[in-house]
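Novice: The following block contains the structure, expressed as structure tokens.
The values are calculated or read from the model by the stated rules, or taken from the named source; none is laboratory data. On a predicted model such as this, the values are computed, not experimentally measured, just so you know. Note that each Cβ is placed from the backbone with ideal geometry, even for glycine, and that neighbours are counted across all protein chains shown. Heads up: the accessible areas ignore ligands, DNA and RNA and are worked out on the full protein's heavy atoms, side chains in. Shrake-Rupley method; radii C 1.70, N 1.55, O 1.52, S 1.80 Å.
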Amino acid sequence: MPAEFPDFRLGTVLATSFTATLTERRGDAVERIPTPRRLVDWLVVSGLAVDSCTDAQLDLARELRESIHAAATAAATQGALPASAVRVINVRSVQGRAAAVLTTEGARRWRLSSPSCVEDALGVIAADAIGILAGERDGRLALCASPTCRAAFFDTSQSRTRRWCDMNTCGNRQKKARFNANQRKNPA
């Protein structure tokens, strides 16, 4: 992947990993899918391989991403799901034509209707978001404790008390800041 683009933050939950293509939402936002080609790259590493993407499809993807984030944020804070976000998620879900297929290794993969159908991939992401928002999966939606991030993530830890969207970035950054503050207070 080209060096000029930031790395993807890939998690185990498709829908919330997709919302992580825009990070540091309350700081200096980092857009991880700035071009159609970059969306193709993200879809490929997420098991939803497509060959191409147009600017219009990138716009649809970003609209879905922001709708999932808005709905996940509302769910994480026990608020009402925004009607506009629900509408976008539902539209993307029904527009996609993808089928779940079983591999000989026993894994589920997605077969899209054509190699260039971004809408099919977005439908899979929207369906994953629906499953999470509807409470069909074991876990809870939460928001990153980092004041600049506030990313939505799906907490499947045993205690459901995870605080960071990604321990390697937000968690370590916060722990380092706390350590440095303590060092300044107690220089001995």
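Novice: For the stretch 132-188, build the convex hull from the C-alpha positions and give me its volume per residue in Å³.
Specialist: Roughly 88 Å³ of hull volume per residue.
Novice: Using only the alpha-carbon atoms, how far is helix 36-45 inclined from the longest principal axis of the chain? Give it as 0 to 90 degrees, nearest 10.
Specialist: Roughly 90 degrees, rounded to the nearest 10.
Novice: Here is a follow-up. Highest mean first, how do 7-16, 43-52 rank when packing is the count of other Cβ atoms within 10 Å averaged over residues?
Specialist: 7-16, 43-52
Novice: For GLN183 and VAL94, compute 0.36 nm times the residue count separating them, minus their Cα-Cα distance, and round to one decimal in nm.
Specialist: Extra length from GLN183 to VAL94 when fully extended: 26.6 nm.
Novice: Here's something else I'd like to know. Placing +1 at every Lys and Arg Cβ and -1 at every Asp and Glu Cβ, with all other atoms neutral, what dipole size does the stretch 31-183 have around its Cα centre, in debye to the nearest 20?
Specialist: The calculation lands at about 680 debye.
Novice: I'd like the distance between the alpha-carbon centres of the stretch 11-56 and the stretch 124-188, rounded to an integer number of Å.
Specialist: 19
Novice: Heavy-atom accessible area per residue, the stretch 1-102, 1.4 Å probe: how many Å²?
Specialist: For the stretch 1-102, the per-residue accessible area is 49 Å².
Novice: Let me ask another. Using mean Cβ contacts within 10 Å as the protection proxy, how do 17-29, 114-126 order, highest first?
Specialist: Going from most to least packed, we get 114-126, 17-29.
Novice: Still on this structure, I have one more. Can you give me the angle between helix 83-95 and the longest principal axis of the chain, using Cα atoms only, in degrees from 0 to 90, rounded to the nearest 10?
Specialist: It works out to around 40 degrees.
Novice: Under 14 Å from a label point 7 Å along Cα→Cβ of ALA29: give me every residue in the stretch 63-86 with its amide N that close.
Specialist: 63-70, by backbone N distance to the label point.
Novice: May I pose another question? Looking at the chain, which Cys residues are left with no other cysteine's beta carbon under 4.7 Å from theirs?
Specialist: Taking the Cβ cut-off of 4.7 Å, the unpaired cysteines of the chain are CYS53, CYS117, CYS170.
Novice: Still on this structure, please answer the following. I need the peptides 141-148, 98-105 ranked by packing, meaning the mean over residues of other C-beta atoms within 10 angstrom, with the highest value on top.
Specialist: Taking the mean over residues of other Cβ atoms within 10 Å, the ranking is 141-148, 98-105.
Novice: To the nearest 500 deg cm²/dmol, what mean residue ellipticity at 222 nm is calculated for the chain from DSSP H runs of n ≥ 4 alone, each contributing -39,500 (n - 2.57), summed and divided by the residues?
Specialist: -14000 deg cm²/dmol
Novice: Moving on. ³J(HN,Hα) across the stretch 135-140 via Karplus (A = 6.51, B = -1.76, C = 1.60, θ = phi - 60°), whole Hz, x for Gly/Pro?
Specialist: In residue order, the calculated couplings are x, 7, 10, 7, x, 9 Hz.
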